[in-house]
Amino acid sequence: MATNSPPRGIRNNNPGNIRWKDPWQGLLPKDQRTDPDFCQYAAPAWGVRAIAGTLITYQDKYGINTIRAAISRWAPPEENDTEAYIAAVCASSKIEAEAPLRMHDFVALMPLVRAIVRHENGAGPRAGGEWYEDAVYDEGLRMAGVVPDIPPIPKPSPIAVAVTTGGVAAVVQGFTQVQPVLQAVSQVNATTSGWPAWLQIAAATLVLVSLGASAYAWWRQRRRTKAVQP
């Protein structure tokens, strides 16, 4: 076998190194199997699904919901260095050994599955030592019935709707007030055409000051009107 050949679990699309025992979904047909001891799956996502499915069964059937309890059953001491396995999975997943987990929760299950794959097969060639793309893990968990929670789109509160509606109305009303200013400036430009520049500026300034005073008076009146409304 070539020295650069991927580990057995990766070659078998069985990154959890699950042994032949249960009739898993996604297994190769019998006439295509070449490994007498470990399951061989048709695609990596099926192997990821098998890991996730096993961990979910641990919780649902045996009440196992911590890394220590799960790995102690996954890799029992009579066959493995269980404590080293637990330590490696905790370090990789950033989850404490005794922390309670919900195996049906995508956020809790995903790092545990990745950590098992990493420990079973060593560091992979991808970024972060991964063997598979994120899509493979996502598909494997989806096939196991575990998907990310999608938060509902919040409905706007009545207050927000009122504020938004009021804001639009204010913009429309404000634009109505600006229109006379634009028209006045245009009229001043037309009337003072040919005047010296300083005189044109003075005339425009007087018009704008007058319109500004009118706008301010309108705004004050609007506030007083709103203040007395029930």
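No lab work stands behind these numbers, since they all come straight from the coordinates. Just so it is clear, the structure is predicted and the values come from calculations on it, not from any experiment. Please note: Cβ atoms are built from the backbone with ideal geometry, for glycine as well, and neighbour counts cover all protein chains shown.
Once a ≥ b ≥ c are taken as the square roots of the eigenvalues of the Cα gyration tensor of region 1-148, is the result rounded (a/c under 1.5), prolate (a/b larger than b/c) or oblate (a/b not larger than b/c)? Write out the running numbers ahead of the final one.
Working: a/c = 1.40, a/b = 1.30, b/c = 1.07.
Note, shape of region 1-148 comes out rounded.
Among 39, 90, what is the fewest-to-most ranking by other Cβ atoms within 10 Å?
Working: 39 24, 90 19.
Ranking 39, 90 by Cβ neighbours within 10 Å, fewest first, gives 90, 39.
What's the magnitude of the charge dipole for region 8-143 around its Cα centre, counting Lys and Arg as +1 and Asp and Glu as -1 at the beta-carbon? Answer in Debye, nearest 20. Walk me through the numbers before you get to the answer.
Working: 16 positive and 18 negative charges, 44 e Å.
In total the dipole reaches around 220 debye.
Below 8 Å between Cα atoms, with a sequence gap of 6+, how large is the relative contact order for region 6-79 in percent? Provide the component values of the computation, followed by the final result.
Values: 66 pairs, mean separation 21.4, N = 74.
29 percent.
Using Cβ contacts closer than 10 Å as the measure, can you line up 64, 150, 95 from fewest to most? Could the numbers behind the result be given before it?
Working: 64 20, 150 6, 95 17.
By the 10 Å Cβ count, ascending, the order reads 150, 95, 64.
Taking other Cβ within 10 Å of each residue's Cβ, how do 205, 54, 34, 82 sort, fewest first? If you can, show how the numbers build up before the last one.
Numbers: 205 11, 54 20, 34 8, 82 17.
Ordered by Cβ neighbours within 10 Å, fewest first: 34, 205, 82, 54.
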